[in-house]
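S.K.: Mind looking over this structure? Questions follow.
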Amino acid sequence: MAAVRIEELNHLIGEEVEVQGWMTHFRSSGKIHFLMLRDGTGQVQAVIKAHDDLDPSGSNSWDGLEQESALRIHGLVRADRRAPSGVELDAQAVEVIAFSRDYPIQPKEHGVDFLMAHRHLWVRSPRQAAILRIRARIVHAVREFLDQNGFVLADPPIITPAAAEGTTTLFGIDYFGEPAFLSQSGQLYLEALAMALGRVYSFGPTFRAEKSKTRRHLTEFWMIEPEMAFCEFEESLVWQEQLLTHVVQDVLTYRQAELRQLERDTAVLQRVATPFPRITYDEALERLNQAGLALSWGEDLGAPHETALAEMFDRPVFVTHYPKAFKAFYMQPDPGRLEVVLAADLLAPEGYGEIIGGSQRIHDLDLLVARLRENEMNPDDYSWYLDLRRYGSVPHSGFGMGLERVVAWICGLEHVRETIPFARTLNRVWP
Ligand code: 4AD
Ligand code: MG
């Protein structure tokens, strides 16, 4: 008999099945044992009438059966309204595939450092599995939206010769004796690819030597980066809000059980609908001043500012037209006001901060060279990128959505470390 997955059991009521997985709990009340089994798709309780035939060890004792033992259970599926999965299994035979001894993660509170050091096992917990299932669904929804809207997946390199997002967070590597860097963003390459394919996107790992220890920063994170030729700033905002709305709707539709597992309050997700409010950086400063979080013009928003602004709206909010001084060299200045750039950050509700950063790109060669110099960057390091402005340069825009921050917000998590299978942070590259 082929084993079935636990998530399929509620379609198999009244049938005899075989399930296989790992035991999470075992308790006994005299003649009946209750065994909880998980297989990655769900959990089910098996009810076992204590009986020699069911003895897993052949020694008349269930004592050897500890948490995380791998089992195959043959039994009858029975509807049970009280069970989270809606079913229970009346076990007829239990076979031990592999024993587990002294599993380090017990059903009690463990510290975060302990759990992160045991991340290879922690991922087995239903909560962590729910997060990773939501992450996978978000990836699916992003790709579905972009693929259906004419964006071509085009992968930029991960080993790069120069910075894309400032030199302070570069991870250097020794490339056969030459210095090279792990990619901070595929954007510069995507600009080249947009001139070849029109609308493109990349979805891959990016790296930043972030010295900051915050709940939003990883040193290795995944970014979705769409780039569009013949696309100006405003249109790019529309793509962003449509993409994010599609993703949220998709997760609400297809990952209800996981959101429940995480006890996520979905009201805020349900409110996500286009258009998102847009405020300029100048308006943001005014609002912050009124809220007692004064900033002077030209200062960047910090986490408390982003949180305070986001709280003023019932859905994600764009902050636009930032001073060019603290934004990237490639951003197009506003033609009507050269000290600000046609850039936007999308701030998520509930203190999750910036989940998307994007802009229109400079398409004029001389202006781009001047901006590189102002940023103390060497135009020679970017000669190929400058070529894009020599051969049919057109207005174009793009943005980068940080997958882990989107996962953290949709799941309602404290920290991005739980949003990725094996987080890389300032003080952790293990396991
Ligand atoms: O705002 P950022 O730095 O923008 C860029 O890299 C652009 N080149 C993207 C583009 O236009 N193609 O990063 C984009 C997003 C941020 O909004 C944030 O969600 C995420 O990437 N991000 C991080 N996520 C986790 N850990 C970090 N250290 C992150 N840095 C940025
Ligand atoms: Mg940014």
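The values are calculated or read from the model by the stated rules, or taken from the named source; none is laboratory data. Owing to the predicted nature of the structure, the values given are computational and were not obtained by experimental measurement. Counting neighbours? That spans all protein chains shown, and the Cβs are built from the backbone with ideal geometry, glycine included.
S.K.: Can you give me the number of residues within region 159-212 that are basic (Lys, Arg) and either away from ligand 1 (no atom under 11 Å from the Cβ) or more than 18 Å from the chain's Cα centre (by Cα) (or both)?
M.R.: Pass one, region 159-212, residues basic (Lys, Arg): 199, 208, 211.
Then drop every residue that is not either away from ligand 1 (no atom under 11 Å from the Cβ) or more than 18 Å from the chain's Cα centre (by Cα) (or both), which leaves 199, 211.
The qualifying residues number 2.
S.K.: Among (1) surrounded by fewer than 19 Cβ atoms within 10 Å (Cβ to Cβ); (2) part of a helix (DSSP H, G or I); (3) touching a strand residue (DSSP E or B) at 6+ places or on another chain (Cβ under 8 Å), where does Gly298 come up short?
M.R.: (2)
S.K.: May I ask you to list the residues in region 201-221 that are touching a Gly at 6+ places or on another chain (Cβ under 8 Å) and away from ligand 2 (no atom under 15 Å from the Cβ)? Spell out the reasoning first.
M.R.: Initial filter on region 201-221 (touching a Gly at 6+ places or on another chain (Cβ under 8 Å)): 202, 204, 206, 216, 221.
Correct list: Ser202, Gly204.
S.K.: From the residues in region 215-244 that are among the polar types (S, T, N, Q) and within 11 Å of ligand 1 (Cβ to nearest atom), which one is nearest to Leu426 (Cα to Cα)? Spell out how you get there, then give the answer.
M.R.: Initial filter on region 215-244 (among the polar types (S, T, N, Q)): 219, 236, 240, 242.
Pick out the ones that are also within 11 Å of ligand 1 (Cβ to nearest atom) and you get 219, 236, 240.
Working: Thr219: 7, Ser236: 33, Gln240: 30 Å.
Among them, the one singled out is Thr219.
S.K.: Regarding Trp430, is this residue in a loop (DSSP other than H, G, I, E, B) and farther than 17 Å from Arg208 by Cα?
M.R.: Details: in a loop (DSSP other than H, G, I, E, B): yes; farther than 17 Å from Arg208 by Cα: yes.
Yes, satisfied.
S.K.: Listed residues Gly186, Gly198, Gly166; which is within 16 Å of ligand 2 (Cβ to nearest atom) and within 23 Å of Tyr391 (Cα to Cα)?
M.R.: On the way: Gly198 fails: within 16 Å of ligand 2 (Cβ to nearest atom); Gly166 fails: within 23 Å of Tyr391 (Cα to Cα).
Exactly one residue qualifies, and that residue is Gly186.
S.K.: Still on this structure, please answer the following. Here is a check on your reading of the model: is Val247 closer than 21 Å to Ala164 by Cα and among the aliphatic types (A, V, I, L, M)? Step through it out loud before you land on a result.
M.R.: Working: closer than 21 Å to Ala164 by Cα: no; among the aliphatic types (A, V, I, L, M): yes.
So Val247 fails the test.
Yes/no per residue for (1) surrounded by 22 or more Cβ atoms within 10 Å (Cβ to Cβ); (2) more than 14 Å from ligand 1 (Cβ to nearest atom):
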| site | (1), (2) |
| --- | --- |
| Asp387 | no, yes |
| Ser393 | no, yes |
| Leu403 | yes, no |
| Val406 | yes, no |
| Leu413 | no, no |
| Ile420 | no, no |
| Ala423 | no, no |
| Trp430 | no, yes |
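S.K.: Continuing with this model, one more query. Can you pull out the strands (runs of 3 or more DSSP E) entirely within region 154-236 that have at least 3 residues that are of a type in the set (Asp, Glu) and crowded, with 17+ Cβ neighbours inside 10 Å? It would help to see each step written out before you state the result.
M.R.: On the way: elements: 172-175, 178-182, 199-207, 220-229.
Fully inside region 154-236 and qualifying: 220-229.
S.K.: Additional query: Do you know which residues across region 237-266 are among the β-branched types (Val, Ile, Thr) and either assigned to a loop (DSSP other than H, G, I, E, B) or not assigned by TED's automatic domain parsing to the domain that holds Pro304 (or both)? Working first, answer last.
M.R.: Initially, region 237-266 is screened for residues among the β-branched types (Val, Ile, Thr), giving 238, 245, 247-248, 251, 253, 266.
Once the filter is applied, which keeps residues that are among the β-branched types (Val, Ile, Thr) and either assigned to a loop (DSSP other than H, G, I, E, B) or not assigned by TED's automatic domain parsing to the domain that holds Pro304 (or both), region 237-266 yields only Thr266.
S.K.: Report yes if some residue within region 329-350 is of a type in the set (A, V, I, L, M, F, W, C) and away from ligand 1 (no atom under 14 Å from the Cβ); otherwise report no.
M.R.: Let us first name the residues in region 329-350 that are of a type in the set (A, V, I, L, M, F, W, C), namely 329, 331, 338, 340-344, 346-348.
Cutting the leftovers down to away from ligand 1 (no atom under 14 Å from the Cβ) gives us 338, 340.
Looking through region 329-350, at least one residue is of a type in the set (A, V, I, L, M, F, W, C) and away from ligand 1 (no atom under 14 Å from the Cβ).
S.K.: Which condition breaks for Ile356 when tested against (1) surrounded by 14 or more Cβ atoms within 10 Å (Cβ to Cβ); (2) on the phi < 0 side of the Ramachandran plot; (3) away from ligand 2 (no atom under 16 Å from the Cβ)?
M.R.: Condition not satisfied by Ile356: (3).
S.K.: So which of Leu193, Leu182, Leu197 ends up being closer than 17 Å to Ile420 by Cβ and without any contact (Cβ under 8 Å) to a residue 60 or more places away in the chain? Write out each step before concluding.
M.R.: On the way: Leu193 fails: closer than 17 Å to Ile420 by Cβ; Leu197 fails: closer than 17 Å to Ile420 by Cβ.
Only one candidate qualifies: Leu182.
S.K.: Of (1) in contact (Cβ under 8 Å) with a residue 12 or more places away in the chain; (2) within 30 Å of Pro431 (Cβ to Cβ), Ala136 satisfies all except one. Which?
M.R.: The failed condition is (1).
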